[in-house]
Amino acid sequence: MSPFCRSLTRRGRLLTLPPLFCPLLRGKKTFYGEYRRPGQPRDNTPPWKKIRFDFAKGVEGIQKHFGLLKDEIVQRFEGPEGRPLHEHLLEQTRVMWEFRGQESLHQWVVSTDREIGGRSEAYVKLGRNNTTCLLYGTLCSTPPRDGETRYSGYCTLRSKQPLASFDRKKHYDWSSFNTLHLRVRGDGRPWMINIAAETYFSHQQDDIYNYFLYTRGGPYWQDVKIPFSKFFLSSRGRIQDEQYCLWLDKVNTIGFTLGDKADGPFQLEIDFIALCNDRAHTEEFAYELYKRNPEV
Amino acid sequence: MRCARSLVRIQSLRALTAAAGGTVQPAATRKAPHARSLIAHEPCGQALRSLHTACVLLKNRPVATDYQEKSEREGEAAKSLVTYDDLFERAALEAKTKATFNQVLDVFIKRDIRRRGHVEFIYAALRKMPEFGVERDLEVYNKLLDVFPKEIFVPRNYIQRMFNHYPRQQECGVQVLEQMENYGIMPNVQTKVLLVQIFGEKSHPVRKYQRLLYWFPRFKHANPFPVPHQLPQDPVDLARFSLSRIANDLDARVTVYQLPYTDVCETGEEVTQPYVVGIQSPDQRHLLAKHNPSRPVFVEGPFPLWLRKTCVYYYVLRADPLPPEEKVEEPVDPERCFYYPLQLELDLERDLGDDDSFDVDEVDEGPVFAMCMAGRGDQATLAKWISGLQETNPILGRTATVFRLESGVRELQSAAEPEPEARPGEEEEELQSRGVKQ
């Protein structure tokens, strides 16, 4: 990122830029630091060297983006989000992610502690009948020997942020639902579900809402319902003191993290991830706040 | 606290007068013999001194002892860079137990009233805790926090309170609490009293303590499938526990088909028989009774199941999914339950938005008939399970059983492609033919 862009983002004006600038400014989140391992030299290649000036890429991009733009315009006439209005108004459940074919795996990113020098492995593939997603690998919680990193051992599956035409950010609007419904089959290990919502200030960019996903293990599928009110706020792996409920109108990604310090192979099979409206659940937020310095 | 300090001061004065009299009593005689082996440097004739004693008192000490002490300390420091690991290693030669760990802490506490180098000592102790097997012991953590000198790091005015007062010590205290957090140990009131005494009311360690106390009870019972910290030692009990966990059916019955035993036969060889424990629910038995005997059933496995940090393996008896033309919708027998209808086809006034079902296809999988865990995963052992199952499920006698076993761990349901070599009527064992990871 050039200093120009950095100064823009520092002042928090990136969000108000006209959308056509965005593909120029937003590379792969290069400003304010991807994680740089201790001892690794700083990457000083100028940003224009990282851009691929390629005619084929240009054609491809134009096709893709104008296709998306056309979809967006046409979908307006159908109804909200391209569905008829009565469907939109009456829906009580929505299946967000299901796995049909190889291209459905392209919406997901697998990462492990290899990025910080660990030795875990994780892969994702389609399960049986090509209708489920199987996340498997090996967990290894030996911290890297770089003198700074103290803990290691995680594997993550994370959905990609949805993008509209010309790489504008798009968000999921889940505000008409209050419960997350998953159908999974694990091997007895506890997982963590991470939901990242859109934030305004740059210091909130690591804010993530978490809750646990306990798997039973065994050959049977397991239906898990987690109310969104149970999700607690954490940032960079630390639970925050000040807890606020998750705002569901701009959700960016959902992720599954394993980090239970039990070294060995793991697997998690996901059938679908859906949202539903549990009318019996009225809780708004499960974690109350206390006064930090109470007057006794 | 104040009276304690004056007590210490009186004690130090008495010791000083003794030292001035020229009778430097050998301090080692007062200690137990095992303690002597632990301590290299004994505070020989050193007066117990409060932290706030004047420097004048320092000058009155006999020169000879001072010199001796100094040289000893230098010798110790030269030996290893991390001096306090040394203490633990010497204790570890004896035995790695809670008692020796506490002994080391006692030795450190008694060595020097000023607790010089306590931060390094606590870090070393934290590292050594899993080695001594005390990482889940709250008492030991409290004792470790007791190593910090009291009252010194408490901020006294608003400027100290505003800035990070004694940051290294506070970080160290937070680190102790963080290790407690990582092992899931809830601090108690004694911890709080210690932390308040050491660091003051609103210090970082006390905040950390408050966080632990806020979050731990919230997630204590979050797991709907709890696993005890101490898993049963007996493999049969462990198998019973894990099978009833994965069966997800309270009616399921665990059967022990074979207990583990070791026998010496006539030739003098030792014959060990592995345990075989199986589980089957009435529903599964019902499914198996309806199974078409011309289709084979499969014994598959081993599949992993994690119970905290231990991994156990189980085997599954299952069949291939039925082809769509053979599926029959069985009507529910209305006489199965007299108290309430099992099927209702009422056209109630459902609103348009009352459809709570999910728009997904069911995953088409074969039925599971039974599960088992065995001490050994070979075909002979599992055949005992199948023959045991035949007593309650006579259909198994007429059905071909195919063993699809692997030595490695494999994913559930990896048998996507029907196997050409799996002919009914012939038992086969596949070993490492299909790896989990391509």
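The values are calculated or read from the model by the stated rules, or taken from the named source; none is laboratory data. What you see is a predicted model, and the numbers here were worked out from it, not measured in a lab. Positions of Cβ are generated from backbone atoms using ideal geometry, with glycine treated the same way; all protein chains shown enter the neighbour counts. Only protein heavy atoms, including side chains, enter the accessible area calculation; ligands, DNA and RNA are left aside. Shrake-Rupley method; radii C 1.70, N 1.55, O 1.52, S 1.80 Å.
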Separation in nanometres of the label points that stand 7 Å from Cα toward Cβ, at A:D263 and B:A99: 3.2
Find, among the GluC sites (Glu not before Pro) in the stretch B:209-299, those assigned to loop by DSSP (not H, G, I, E, B) with at most 14 other beta-carbon atoms within 10 angstrom. B:E266, B:E269
Using the Karplus curve 6.51 cos²θ - 1.76 cosθ + 1.60 with θ = phi - 60°, work out ³J(HN,Hα) for each residue of the stretch A:147-153 in order, rounded to whole Hz, and write x for Gly and Pro. x, 10, 6, 9, 10, 8, x
Could you pull out every one of the aspartates and glutamates with an alpha carbon less than 20 Å from that of B:K150, ignoring same-chain neighbours closer than 8 positions? B:D106, B:D112, B:E120, B:E139, B:E171, B:E201
Calculated FRET efficiency, B:A380 and B:R156, Cβ-Cβ r, R0 51 Å, to nearest 0.05? 0.10
Per-residue HN-Hα couplings for the stretch A:110-119, Karplus 6.51 cos²θ - 1.76 cosθ + 1.60 at θ = phi - 60°, whole Hz, x for Gly and Pro? 9, 9, 10, 6, 4, 5, 9, x, x, 10
Value in Å of the Kirkwood radius, where chain A supplies the Cα pairs that are averaged: 21.7
Using the Cβ atoms and a cut-off under 12 Å, what net charge is assigned to the surroundings of A:P294, where Lys and Arg are +1 and Asp and Glu are -1? +1
How much net charge surrounds B:F225 when only the other residues with a Cβ under 9 Å from the Cβ of B:F225 are counted, with Lys and Arg +1 and Asp and Glu -1? +2
Compare A:T93, A:T45, A:T179 in a GNM of chain A, Cα atoms joined below 10 Å, and give the one with the largest fluctuation. A:T45
In nm, to one decimal, how far is the A:R37 label point from the B:E335 one, both placed 7 Å along Cα→Cβ? 7.2
With 19 Å as the cut-off, how large is the P(r) tail for the stretch B:78-219, expressed as percent of Cα-Cα pairs? 52
Could you give P(r) for the stretch A:147-296, binned at 5 Å from zero, as whole percent values over all Cα-Cα pairs? 2, 8, 15, 20, 19, 16, 11, 6, 2, 1, 0, 0
How would the stretch A:132-205 be classified by its alpha-carbon gyration tensor: rounded, prolate or oblate, with rounded meaning a/c under 1.5 and the a/b versus b/c comparison settling the rest? oblate
Calculate the spin-label point distance for A:A56 paired with A:N293, positioning each point 7 Å from the Cα along the beta-carbon direction, and give it in nanometres. 6.4
Taking a threshold of 18 Å on the Cα-Cα distance, which of the pairs A:K125/B:K309; B:K96/B:K128; B:K208/B:K309; A:K49/A:K160 fall above it? A:K125/B:K309; B:K208/B:K309; A:K49/A:K160
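Mind checking how much accessible area A and B bury in total, 1.4 Å probe, in Å² rounded to 100?
Numbers: alone 19270 and 27950 Å², together 42320 Å².
Result for this pair: about 4900 Å² buried.
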Highest GNM mean-square fluctuation among A:A262, A:A197, A:A280, for chain A with Cα springs under 10 Å, belongs to A:A280
Show which aspartates and glutamates lie in cross-link reach of A:K291 when reach means a straight Cα distance below 13 angstrom and same-chain residues fewer than eight apart are skipped. A:D241, A:E242
SASA check, A:L89, accessible area w/ 1.4 Å probe, all protein chains in place, rounded to nearest 10 Å², comes out at 120
With each run of n ≥ 4 DSSP H residues scored as -39500 (n - 2.57), what mean residue ellipticity at 222 nm is computed for chain A after dividing by its residue count and rounding to the nearest 500 deg cm²/dmol? -4000 deg cm²/dmol
Taking the stretch A:44-90, the equivalent ellipsoid from its C-alpha gyration tensor has semi-axes in Å, biggest first, of 37, 13, 6
Cut-off 10 angstrom, C-alpha nodes, Gaussian network model of chain A. Which of A:F232, A:F266, A:F66 fluctuates the most? A:F66
Using a probe of 1.4 angstrom, how much of the accessible area of the stretch A:64-195 is carbon and sulfur, in percent? 52
Measure of exposure for B:D364: accessible area at 1.4 Å probe, Å² rounded to 10, is 60
Could you compute the net charge surrounding B:L307? Neighbours are other residues with a C-beta less than 15 Å from the C-beta of B:L307; K and R count +1, D and E count -1. +2
Quick one: grab the alpha carbon gyration tensor of the stretch A:31-130, order the square roots of its eigenvalues as a ≥ b ≥ c, and give me rounded if a/c is under 1.5, else prolate or oblate depending on whether a/b is larger than b/c. oblate
Dividing the convex hull volume of the Cα atoms of the stretch B:296-362 by its residue count, what figure in Å³ per residue is obtained? 261
